Amino acid sequence: MPAYGVEAAGSFGAGRQADATHPAFRFEDVPQVSIVVPVYNHLEQTRHCLHALAQVGTSYTFEVIVVDDGSTDGSAEWLADCPQVRIQRMAENGGFVSACNAGARIARGRYLVFLNNDTEVTTGWLDALIGTFEQYPGCGLVGAKLIYPDGSLQEAGGIVFADGNACNYGRGGSPQDPRYNFVREVDYCSGACIALPTELFRTVGGFDLRYAPAYYEDTDLAFSVRAAGYSVIYQPRAEVVHFEGKTAGTDTSTGIKKFQRINREKFVVKQHHALVNQPLSQDFALSPARCATHRRGQRVLVVDADYPRVNHDSGSLRMFNMLVLLRELGCHVQFWATAAADRDDDARMLEQHGIELIVAPSRAQALSWWYAYGTSLDLIVLSRLPVALSALRLTRRYAAQAAVIFDTVDLHFLRIARGAAMHGNSAEAAWAEELRRSELELIRQADLTLVVSEYERTLLRELVPAAEVQVLSNVHPVHGRQSPFAAREGMLFLGNFEHEPNVDAVRWLVEEIMPRLRARLAGVSLHIVGYAGTEALAGFASGDVLVHGFVADLEPVLRSVKLALAPLRYGAGVKGKINMAMSHGVPVVTTSIGAEGMALANRRDAMIADDSDAFVDAIAELYINEQLWLTLSDHGLENVRLHFSVEAARVTLERILAAKSVLHALPMTHC
C-alpha cells in the first residue's frame, strides 16, 4: 500500500542521481491520460520520477499532475519551475488518500493513472497500461508489474484473503517467470501504479477517506470497481521500477505502519460480503499460483508442440482461437509448447490474451512441473498425435483426476494413407498403418476426442464405436465481402508449404491446370501466397504465376482477388485456405478432397471439380459469371458463419465444459 516514499530504500536509484534540471513535457489541452503523482518531501525521488516520465515515449497524450502534500524540503519551489506540470498544493499534509483524490478532481484525461513518486517508468509502460482497456472492454482498473531496483519482482498483482490480509503475488521472484507474465484478473493492484477511467473513479467515490492517511485504499478501490461490474486486471507489460524498501519493519503499533492493522479492520467491515469468496490465508503456502488465479473457473492445460503461428497455418489459427475462447468461458488456461523454438512474439501474444505459458525445456523440469501442478488440473487437451503419444502417460500418472481430450487437428493416418495411395508409395502406406493403430488407441484411451469435420467423426464412429467424439472445426472471424466483382482480378492459392499436400496441389495447378486455363482466360494471374512458399515453390514462378511467399497482412490480397483455388488431391481435415477465402467473400474452386467435411454444395457454396479439364471449366465460368460469383460469395460467407465462426466454436466448447460425463474432476477448493 503506497505512502509515496516514506519507506523508500536508502540507495535510491541504485546510486544514480536524478538530473537537477527540470523535465520538459508537452502541453496537452485535452489529454487522453492524467498522471497523478502525490508528493510529500523526497525531492530527489520526485525529480527522478518526472525525468523518467518525460523521457519514455508513448502513443497516448498525457498531462502530469503533481500533488504537493505539504512538502517542507524544497519540493514546492522546485516544482514551481517545472514547465507544463500542473501543481496542486495541499494546505497541510493529509496523506496519500487525500492527495490522490485532490489530483483526480482536476484531471482532464479520459483515464487516470496514479503513480508513486518513488518509481521509474520503463519503455512501453503507458501504452501497455491504457491499451488493456481497449483489449478488455469490461476492465475497470489495471495495475502494473512492480520491480525492485535490484531486478527482483515486487508484485504481479495482489491477493486478498478471506480474513482481509493481503499479499503481493510473486514478491522476490523473477520478473521473467511465466507465472507472472500473463494478463489476468486479480484481487487488487498496489496503488504505486494503477490506471482506471476517470469517470469510473469519480463514480465509485475515489479512494475512500476512511483509509486516510494510507493502507488498504488501493485494495478497497479494486473491490469497489469490481462491485460496479468491472474487472481488475494485472498487465505484465507495464513494467515500473519501484524504489520502495523491501522491508519496512513488522511493528504495526507505531508510525504509519499502525494504519495497516487499523485499516485492515475497517476493510473487513466494509467488504465482508465480498471476502466470503476469497481464498484462505493458509491455502497460499500450499498453492500460491492457484490462489493468484482463484477468480478463474476450471483449470485447463493445453499441450502442443509449438506456439500457434496464426499468420502461417489454419491449425495455428484454430488453436489460438480455442485458447482465447476457453479463457473467455472462464477457464484458467495454461499452454505448454513442448518443442517450441524461441518465438517471443507468438508467446507474448498468448500472454496478452490471458494464457499462462508453461516452460519446462528439459525432461527433469517437465517431470517436476507435473509433480507439482498435475493435481491442480481439471482438463487436459493434448493436441496432435505426436504430442498425445508422449504426454498421455504423464497425464494419467500425475493428473489422474483430470479429463483428457485428444485433439487430432486432422486424422494423421488418413492424410498419410491418401498420399501413399496417390503416389503408390508402399513405405508411406506402412507408416500410415502404424499411425492408424496409434491414433485409434489414443482415441480409445481419451475421455473425449476432437476432430475438425463431420466426415472424420462419422469415420471414427465406425472404427471406434465406443469413443466420445466431438467436432471442433477451424475458427475464423467472418470479415464479409469488402469489394465488388468488377473491382477484382486474378486468382489466389493460399497455404503453408511445409505441408506436402499444398506443394502437390500447386504442382498440379501450375503444370496441368494453368496451361489449359491460359487458352480460356488469357492474361489472368495466379498469386501463390503462404509460409515457406518462396523456398518450396521458386521453380513454379512464371509471367502469370507469381510466388509471393509469406504475406503478413492478407486483407489487401483477399480484397483484390476474384477467386481462390484449392486443387487438393489428398489430405485430411478441414481446409483453412477455403475457410479464409470464404470468410472474406471470395468464391472458391476446389476438389472433393478440398470440400470434404465442410458442408459445401457444388455451385451453391463452391465450385467442385476433380480432374484438370473440369477444374478449368469451373474457373473459367466463375471468373466471368457475376451472378454465379455472387451466389457462391454469399453462401460461402453463410457457410463460415454456421460452421466455422468464433460463435460456432464457442457453442461446442461450452457444451464440452458442461459435460459431466467428460469433466469428472473433483470440486475446487477455495484456491
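Only the coordinates and a few stated rules stand behind these numbers; no lab work does. The structure displayed is predicted, hence computed values, not measured ones. When we count neighbours, we look across all protein chains shown, and the Cβ atoms used for this are built from the backbone with ideal geometry, even at glycine.
As a proxy for reagent exposure, V269, V574 were ordered by neighbouring Cβ count within 10 angstrom, fewest first; the result is V269, V574.
Separation of region 555-619 from region 432-458 is 26 Å, based on Cα centroids. Convex hull volume per residue, computed on the Cα atoms of the chain, equals 179 Å³. Pairs of Cα atoms nearer than 8 Å and 6+ residues apart set the relative contact order; for the chain it is 10 percent.
Computed as a quarter of the hull surface, the mean projected area of the alpha carbon convex hull for region 299-471 stands at 10.7 nm².
Exposure proxy shown here: for S314, S612, S368, the number of other Cβ atoms within 10 Å sets the order, fewest to most, as S368, S612, S314.
Remark: S438, S174, S645 ranked as S174, S438, S645, counting other beta-carbon atoms within 10 Å and listing the fewest first.
What the pair-distance distribution of region 469-510 shows, using all Cα-Cα distances binned every 5 Å from zero, is 5, 14, 14, 15, 16, 23, 9, 2, 1 percent. Centre-to-centre, using Cα atoms only, region 462-527 and region 322-337 are separated by 30 Å.
Summarising the amide proton neighbourhood of G173: residues at separation of 5 or more, or on other chains, whose placed amide H is nearer than 5 Å comprise L153. In percent, rounded to a whole number, the relative contact order of region 293-380 is 37, using alpha-carbon pairs under 8 Å and six or more apart. Is the shape of region 12-292 best called rounded, prolate or oblate, per the rule: a/c under 1.5 gives rounded, else a/b larger than b/c gives prolate, else oblate, with a ≥ b ≥ c the square roots of the Cα gyration tensor eigenvalues? In terms of gyration-tensor shape, rounded.
By DSSP, the beta bridges lying fully in region 12-292 are antiparallel in about 45 percent of cases. Of the trypsin sites (Lys or Arg not before Pro) found in region 125-181, those that fall in a DSSP loop while having at most 16 other beta-carbon atoms within 10 Å are R171.
Note on region 485-644: the C-alpha convex hull projects to 8.1 nm² when averaged across all orientations. Based on the Kirkwood approach, the hydrodynamic radius assigned to region 161-270 is 15.4 Å, with every pair of different Cα atoms included. Sorting the segments 531-537, 198-204, 395-401, 110-116 by their mean number of nearby beta carbons within 10 angstrom, highest to lowest, gives 110-116, 531-537, 198-204, 395-401.
A helix-only calculation puts the chain at -11000 deg cm²/dmol for mean residue ellipticity at 222 nm, using -39500 (n - 2.57) for each DSSP H run of at least four residues, averaged over all residues.
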